[in-house]
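**Student:** Below: one structure in structure tokens.
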Amino acid sequence: DRFEHTIGVMYTAASLAMRYHEDIDDAMMAGLLHDCGKYGSAQEQVERCQKHGILLTQSELEMPALVHAKLGAYFAEKEYGVTNKGVLSAITWHTTGRPEMTMLEKIIYADYIEPNRKIIPGLQKIRETVFVDIDHAICLCAGNTVNYLRKNGKPVDPMSIETYQYYSDKGE
Ligand code: DGI
Ligand code: FE
Ligand code: FE
């Protein structure tokens, strides 16, 4: 599943790079590696961070689903030899997003429109929107994520909320 998702993100990122005049190779590299920190259980991911001296925030310790982003950026640099800082930061921020994202960060944050992703309410609308107004699509993605987590009683990282807030204000 992860392989198929990864290939989907890689080509989706290429398409968005074409649309938004980003470097296509960088976008594909970021897409290919964005989940490379996800191998292993949550516990193993946290242990790998400790082993490599990667400092985790309180949120990341409470929400292990977030850890693979930072760990992935580390592996991309140290194991896969990526030196492009833009690619590394796109991997770092792909799960929570952040205000004022670079275009490459936005492209990878929007990973959940890729073709293999499970159909969720609003996905069709996000898929259309991302090729027209990527900031508005980010707002829809972040809104969906925050709502989904709240509905399921899961803690929400303050950065996920900031992302939503920033991109929803931007659209007004
Ligand atoms: O790695 P993927 O499954 O392709 O997607 P992702 O990196 O965007 O998200 C990974 C998981 O993290 C997904 O199940 C949603 C979850 N997530 C995203 N933001 C938050 C979060 N989980 C918590 N608890 N809090 C967040 O703010
Ligand atoms: Fe991910
Ligand atoms: Fe992913």
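**Student:** Do we find that Met159 is outside any helix (DSSP H, G or I), aliphatic (A, V, I, L, M) and in contact (Cβ under 8 Å) with a residue 24 or more places away in the chain in this structure?
**Tutor:** no
**Student:** Given the criteria away from ligand 2 (no atom under 13 Å from the Cβ), within 16 Å of the chain's Cα centre (by Cα) and surrounded by 15 or more Cβ atoms within 10 Å (Cβ to Cβ), does Ala30 qualify?
**Tutor:** It is false that Ala30 is away from ligand 2 (no atom under 13 Å from the Cβ), within 16 Å of the chain's Cα centre (by Cα) and surrounded by 15 or more Cβ atoms within 10 Å (Cβ to Cβ).
**Student:** Only residues in the range 61-76 that are closer than 18 Å to Met28 by Cα count as the first member; pair them with residues that are small (Gly, Ala, Ser), Cβ under 7 angstrom, at least 6 apart or cross-chain, and list the lot.
**Tutor:** Hits for this filter: Ala69/Gly37; Gly72/Gly37; Phe75/Gly37.
**Student:** Oh, and also: Against the definition (within 14 Å of ligand 3 (Cβ to nearest atom), farther than 20 Å from Ile107 by Cβ and in contact with an Asp or Glu (Cβ under 7 Å, 6 or more places away or on another chain)), how does Val9 come out, yes or no?
**Tutor:** Against the criterion (within 14 Å of ligand 3 (Cβ to nearest atom), farther than 20 Å from Ile107 by Cβ and in contact with an Asp or Glu (Cβ under 7 Å, 6 or more places away or on another chain)), Val9 does not qualify.
**Student:** Being of a type outside the set (D, E, K, R) and surrounded by fewer than 14 Cβ atoms within 10 Å (Cβ to Cβ) is the requirement here; does His52 meet it?
**Tutor:** Yes; evaluated as a whole, the condition is true for this residue.
**Student:** Does Leu56 satisfy being assigned to a loop (DSSP other than H, G, I, E, B) and either of a type in the set (Phe, Trp, Tyr) or more than 23 Å from Tyr166 (Cβ to Cβ) (or both)?
**Tutor:** For Leu56, the condition - assigned to a loop (DSSP other than H, G, I, E, B) and either of a type in the set (Phe, Trp, Tyr) or more than 23 Å from Tyr166 (Cβ to Cβ) (or both) - is met.
**Student:** Turning to a different aspect of this structure: Please indicate, with yes or no, whether at least one residue in the range 8-25 is at pLDDT below 95, within 16 Å of ligand 2 (Cβ to nearest atom) and among the polar types (S, T, N, Q).
**Tutor:** Within the range 8-25 (the criterion being at pLDDT below 95, within 16 Å of ligand 2 (Cβ to nearest atom) and among the polar types (S, T, N, Q)), the answer is no, since none of the residues qualifies.
**Student:** Considering only residues of the range 34-60 that are under 21 Å from Met159 (Cα atoms), within 18 Å of the chain's Cα centre (by Cα) and not acidic (Asp, Glu), which is nearest to ligand 3 (Cβ to nearest atom)?
**Tutor:** The qualifying residue nearest to ligand 3 (Cβ to nearest atom) is His34.
**Student:** Another one. I want to confirm something. Restricting to the range 102-124 and keeping residues that are away from ligand 3 (no atom under 16 Å from the Cβ) and surrounded by 13 or more Cβ atoms within 10 Å (Cβ to Cβ), which single residue is nearest to Asp23 (Cα to Cα)?
**Tutor:** My answer is Met103.
**Student:** Pick from the range 80-94 the residues that are in contact (Cβ under 8 Å) with a residue 40 or more places away in the chain and surrounded by fewer than 24 Cβ atoms within 10 Å (Cβ to Cβ): which of them is farthest from ligand 1 (Cβ to nearest atom)?
**Tutor:** This residue is Asn84.
The values are calculated or read from the model by the stated rules, or taken from the named source; none is laboratory data. What you see is a predicted model; the values in this text were computed from it and never measured. We place every Cβ from the backbone using ideal geometry, glycine too, and count neighbours over all the protein chains shown.
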